[in-house]
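Heads up: the structure comes next, in structure tokens.
Derivation of every value follows stated rules applied to the coordinates shown; laboratory data play no part. Predicted, not measured: the structure shown is a model, and the values here were computed from it. In this analysis, Cβ positions are derived from the backbone assuming ideal geometry, glycine residues included, and neighbour counts consider all displayed protein chains.
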Amino acid sequence: MMPAKNDLPDFQNNNTSGRQNDPYADLVKLLLCEIIRVKKLIKNIDPIPNNTDQSATIILKELVSEAYQSLTNYDIVLMRKYYDLLLNCD
């Protein structure tokens, strides 16, 4: 996977000219933002020496993987579920 040049996707800019009328498009965007945020959180947790939160890291990675899978399947119910779960990951 190629690293992105920018940290945030283009849709996070304040440019609203490309907005769609699809109500589910916002959920997709929000879920993608949460996936990116949690992936950054995982990157910050992983390198800690003697990491006692390894189980938390494993769970976060699994949540991100399942959230991404819900996006690829365009399963609205699961996308909402994983958005709510990822939103509460701190």
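Quick notes on this one:
- Sequence ranges 63-73, 30-40, ranked by mean other-Cβ count within 10 angstrom, highest first: 30-40, 63-73
- Positive end of the dipole of the range 22-87 (Cβ unit charges, origin at the Cα centre): among I58, L32, N44, the Cα lying farthest that way belongs to N44.
- Both numbers refer to the Cα atoms of the range 30-90; Rg and Dmax are 11.9, 38 Å.
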